[in-house]
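Here the structure is laid out as structure tokens; the discussion comes afterwards.
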Amino acid sequence: MSTPTITHVRAFTVRGGGADYHDQDHGHWIDDHIATPMSKYPEYRQSRQTFGLNVLGTLVVEIEASSGEVGFAVTTGGDIGAWIVEKHLARFVEGQKVTDIEKMWDQMFNGSLFYGRKGIVLNAISGVDLALWDLLGKVRQEPVYHLLGGAVRDELQFYATGARPDLAQQMGFIGGKLPLHHGPAEGEEGLRKNLELLADMRQRVGDDFWLMYDCWMSLDVNYATRLAQKAQEFGLKWIEEALPPDDYWGYAELRRNVPKGMLVTTGEHEATRWGFRMLLEMGCCDIIQPDVGWCGGITELIKISALADAHNALVVPHGSSVYSYHFVITRHNSPFAEFLMMAPQADKVVPMFNPLLLDEPVPVNGRMKVPDRPGFGVRLNPDCALTRPYSR
Ligand SMILES: [Mg+2]
């Protein structure tokens, strides 16, 4: 049997909810006074959209093979991501065999090294990489997790990220991760409010349910240390992304400072094996949280995960929907997964990339069997209007 080759790469953008899950309407919990590095400016404190968290929008990468199959993937990237895919990355993909993902990744990364390395370029590379895995799965008629070595457990179990851990508990999740609302600029009163919310949730969910705080890069070492020490009383399981991603030294110090048994986690804004090497070798955290659509895709995540394994760190990807599910089910060092509660009031389970994907699986009673459909097992919703800004 001859191996199909890749005939076309196409990049599209979409507005509204999707892979850019921050692109939500007014009144959503995900944009309600969440602490950020911009919270020191009062005018940007109430809403992350005011400083442009949703400027990028969703990027859709579609890759077509000579055999007629089409693979696709979605990530955050919008127009600028589409430009990188069409004008630069496509040359390393078109004409190649559908099997040669490792070579294509290496060429995309090294070919863009002079302006890439992290950020939007890695989002774009991730989008192409995930579309290649989807395509290979469709050509082989197998789910991606089969191609990654197969499942190591029967099903995934999830914790929920959102404003209502108490409701997540009723829905069967193993834990709930709250957004931190107040940063250092809001002083002692803000710190007190952060602790009051945690205390209230602890009282609602009882002793055994996991509670975590996601700090979205908003703190400094001193504030994060004080928060962690005071939050121990309320059983905080981990403190997530407390510091800006470049402050590896701060993370190492914070990890030494937190109460014994409390975990430090980070990595959703980190990319590639080299970025995660810094976090792991410097002892920055107990759990790394790569976003599969931002860290370099599954090809790179395999390497990141192996590195983490050798450092006794867990790998629990940030969000990432099906791209996380197909990976996590194949890894011993990924014992649970994250589910983002995308209902505006975090009061019910809706698909993470709603409404962009069809057949996107969701946890039931906090658990999920990864579907056995070819590729990542999802389809683009034809009701979401795609734009191709840079057709060739
Ligand atoms: Mg986070």
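Within the shell defined by Cβ-Cβ distances under 10 Å, the residues around Y213 carry a net charge of -1, with Lys and Arg each +1 and Asp and Glu each -1.
L386 to V362: extension gain in nm, 0.36 nm per residue of separation minus the Cα-Cα distance?
Numbers: separation 24, 0.36 × 24 = 8.64 nm, distance 2.40 nm.
Taking 0.36 nm per residue and subtracting the Cα distance, the gain is 6.2 nm.
Roughly how tilted is helix 119-140, in degrees to the nearest 10 and between 0 and 90, from the longest Cα axis of the chain? The answer is roughly 50 degrees. Shown here is the pair-distance distribution of the range 169-237: with all Cα-Cα distances grouped in 5 Å bins from zero up to the longest one, the shares run 3, 17, 30, 25, 14, 8, 3, 0 percent. Against the chain, whose longest principal axis is taken from its Cα atoms, helix 187-205 shows a tilt of about 80°. The simple Förster model, with R0 at 35 Å and r as the Cβ-Cβ distance, assigns Q141 and D347 a FRET efficiency of 0.35. Under 12 Å from a point placed 7 Å out from the Cα of T3 along the Cα-to-Cβ direction: which residues of the range 102-129 have their backbone N that close? 102-104, by backbone N distance to the label point.
The separation of the range 105-130 from the range 146-214, counted between C-alpha centres, amounts to 32 Å. Annotation for the range 242-312: trypsin sites (Lys or Arg not before Pro) lying in DSSP loop with at most 13 further Cβ atoms inside 10 Å of their Cβ are K260.
Taken along its principal axes, the alpha carbon cloud of the range 147-373 reaches lengths of 52, 38, 29 Å, longest axis first.
So what's the gap between the Cα centers of the range 6-83 and the range 264-339, to the nearest angstrom? Computed from Cα coordinates, the inter-centre distance equals 21 Å. Here the chain is treated as an ellipsoid with the same Cα gyration tensor; its semi-axes, largest first and in whole Å, are 34, 21, 21. Label-to-label distance, E43 versus D220, with points set 7 angstrom from Cα along the beta-carbon direction: 2.3 nm.
Neighbouring Cβ atoms within 10 Å as the yardstick, rank Y41, Y145, Y213 fewest first. Don't skip to the answer; put the middle values down first.
Values: Y41 12, Y145 22, Y213 28.
By the 10 Å Cβ count, ascending: Y41, Y145, Y213.
Using only alpha carbons, the range 286-392 has a radius of gyration to Kirkwood radius ratio (Rg to Rh) of 1.00. Using only C-alpha atoms and all pairs of different ones, pull out the Kirkwood radius for the range 101-216 in Å with one decimal. 18.2 Å is the Kirkwood radius here. Between L263 and R204, residue separation times 0.36 nm minus the direct Cα-Cα distance comes to 19.0 nm. Ordering S321, S2 by the number of other Cβ atoms within 10 Å of each residue's own Cβ, fewest first, gives S2, S321. Sorted fewest first by neighbouring Cβ atoms within 10 angstrom, H8, H318, H326, H146 come out as H8, H146, H318, H326. Taking label points 7 Å from Cα along the Cα-to-Cβ direction, M278 and A306 give a separation of 2.3 nm.
Bear in mind these aren't lab numbers, they're just calculated from the coordinates by the rules spelled out. In this text the structure is predicted, and so the values were computed from the model without any measurement. Counting neighbours? That spans all protein chains shown, and the Cβs are built from the backbone with ideal geometry, glycine included.
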